[in-house]
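Q: I have a structure here, written as structure tokens, and I will follow up with some questions on it.
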Amino acid sequence: MTTVSLLAETLAREADASDADLTPKMRERIAKNEIETGHLVQMVNELMDLSRIESGGTLHLVDGLDMGQLADQSAERLRLFADRQGVTLDVDAPDGLPPVRGDSARLGQVVVNLVHNAVKFSPDGGDIVVRVREAGEEIVTSVEDHGVGVPRDALDRVFERFYKVDRARLRAEAGGGTGLGLAIARHVVEQHDGRIWVESVEGVGSTFSFALPIGRDGNGGR
């Protein structure tokens with residue numbers, strides 16, 4: 001798949017060259033081929049990732065993990081993507097939050113998945129806020145957007161593998177996903193003895209949140 005993806009990317013670059021003698025329809029088909037190949041590569045990678053998680057792969061747990069800092073670093077990875085989409089991305093995380101015990105790479109992946117979805121389904125000029133706060137014995141990380149929202153009848157299913165809410169009619173340019181990102185997020189959070197949920201109003205926006213226990217050993221101490 002990586003080889004096919006590289007070939008598709010090379011073909012697209014050659015088609016974009018000013019001296020390329022191609023019809024507009026041919027250029028469109030080449031560009032679509034590159035996009036769809038990218039989706040296939042993403043799906044294969046996420047399927048492999050989900051398989052590793054579900055098979056009980058070892059977590060690299062560390063003490064003293066600062067979720068505020070991790071959220072900031074994860075959001076920064078998508079700063080350019082948000083800028084290109086015309087979306088403002090902010091992080092609200094106070095200093096001095098109690099630490100959690102967790103795998104920074106996996107939890108960072110959760111934040112990235114949630115922010116990526118928020119950007120993808122936000123309108124041009126929209127804004128997204130990543131918040132980290134202490135709530136009782138938990139640290140709660142939330143990603144709030146003011147995009148298309150999730151229909152009420154889909155709220156209980158968005159974390160299922162391959163489940164994709166049909167929001168093409170609301171924002172066709174958002175592009176398709178694999179339907180695996182939220183399933184991966186759910187598994188990672190549950191491995192850390194946490195919980196994940198969504199609050200949303202269609203046409204108003206969504207807030208995806210996950211909570212982790214403060215300073216506890218997640219996933220049975222692995």
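The values are calculated or read from the model by the stated rules, or taken from the named source; none is laboratory data. Everything numeric in this text was worked out from a predicted model, so none of it was measured. Virtual Cβ from ideal backbone geometry, glycine too; neighbours counted across all protein chains shown. Quick note on the areas: whole protein, heavy atoms, side chains included, nothing else; ligands and nucleic acids left out. Shrake-Rupley method; radii C 1.70, N 1.55, O 1.52, S 1.80 Å.
Q: Give the residue that is modelled with the highest pLDDT, with candidates limited to residues of region 103-112 that are of a type outside the set (A, V, I, L, M, F, W, C) and open to solvent by 30 Å² or more (accessible area, probe 1.4 Å).
A: Here is the first cut: in region 103-112, the ones of a type outside the set (A, V, I, L, M, F, W, C) are 103-104, 106, 108-109.
Within this subset, residues satisfying the condition of being open to solvent by 30 Å² or more (accessible area, probe 1.4 Å) are 104, 106, 109.
Numbers: S104: 92, R106: 89, Q109: 88.
For region 103-112, the residue satisfying everything is S104.
Q: Taking into account only those residues within region 5-35 that are open to solvent by 60 Å² or more (accessible area, probe 1.4 Å) and modelled with pLDDT under 70, which is nearest to H187 (Cα to Cα)?
A: Looking only at region 5-35, we keep the residues that are open to solvent by 60 Å² or more (accessible area, probe 1.4 Å), and these are 6-7, 9-11, 13-14, 16, 18-19, 21, 23-29, 32-35.
Adding the requirement that they be modelled with pLDDT under 70 leaves 18-19, 35.
Details: S18: 47, D19: 49, I35: 28 Å.
Checking each candidate, the answer is I35.
Q: Let me spell it out: the conditions are (1) without any contact (Cβ under 8 Å) to a residue 60 or more places away in the chain; (2) within 20 Å of I184 (Cα to Cα), and F81 meets all of them except one. Which number is the exception?
A: For F81, the exception is condition (2).
Q: So which residues in region 54-68 are modelled with pLDDT of 80 or more and either farther than 16 Å from Q191 by Cβ or surrounded by 14 or more Cβ atoms within 10 Å (Cβ to Cβ) (or both)? Steps first, answer last, please.
A: So the first thing to find is which residues in region 54-68 are modelled with pLDDT of 80 or more, and the list is 61-68.
Of everything in region 54-68, those that are modelled with pLDDT of 80 or more and either farther than 16 Å from Q191 by Cβ or surrounded by 14 or more Cβ atoms within 10 Å (Cβ to Cβ) (or both) turn out to be L61, D63, G64, L65, D66, M67, G68.
Q: I'm trying to understand the selection: among the residues of region 120-164, which are open to solvent by less than 20 Å² (accessible area, probe 1.4 Å) and without any contact (Cβ under 8 Å) to a residue 24 or more places away in the chain?
A: A154
Q: Check whether at least one residue in region 125-133 is under 15 Å from F210 (Cα atoms) and of a type in the set (G, A, S), and report yes or no.
A: Start the filter on region 125-133 by keeping residues that are under 15 Å from F210 (Cα atoms), which leaves 129-133.
Filter again for of a type in the set (G, A, S), leaving none.
No: zero hits.
Q: Select from region 76-90 the residues that are in contact with a strand residue (DSSP E or B) (Cβ under 7 Å, 6 or more places away or on another chain) and either at pLDDT 95 or above or farther than 11 Å from V115 by Cβ (or both) and list them in ascending order.
A: Within region 76-90, T88, L89, D90 qualify.
Q: May I ask you to list the residues in region 86-102 that are surrounded by fewer than 21 Cβ atoms within 10 Å (Cβ to Cβ) and under 17 Å from the mean Cα position of the chain (by Cα)? Walk me through how you get there before you give the answer.
A: Of the residues in region 86-102, the ones surrounded by fewer than 21 Cβ atoms within 10 Å (Cβ to Cβ) are 86, 88, 90-99.
Those that are surrounded by fewer than 21 Cβ atoms within 10 Å (Cβ to Cβ) and under 17 Å from the mean Cα position of the chain (by Cα): T88, D90, V91.
Q: Quick one: how many residues across region 186-202 are more than 19 Å from A105 (Cα to Cα) and either in contact (Cβ under 8 Å) with a residue 60 or more places away in the chain or open to solvent by 60 Å² or more (accessible area, probe 1.4 Å) (or both)? Spell out how you get there, then give the answer.
A: Taking region 186-202 as the starting set, the residues that turn out to be more than 19 Å from A105 (Cα to Cα) are 197-202.
Add one more test, that the residue is either in contact (Cβ under 8 Å) with a residue 60 or more places away in the chain or open to solvent by 60 Å² or more (accessible area, probe 1.4 Å) (or both), and what stays is 197, 199, 201-202.
The total comes to 4.
Q: Going by the structure shown, is G215 at pLDDT below 90 and either within 18 Å of Q109 (Cβ to Cβ) or open to solvent by 20 Å² or more (accessible area, probe 1.4 Å) (or both)?
A: Numbers: at pLDDT below 90: yes; either within 18 Å of Q109 (Cβ to Cβ) or open to solvent by 20 Å² or more (accessible area, probe 1.4 Å) (or both): yes.
Yes; evaluated as a whole, the condition is true for this residue.
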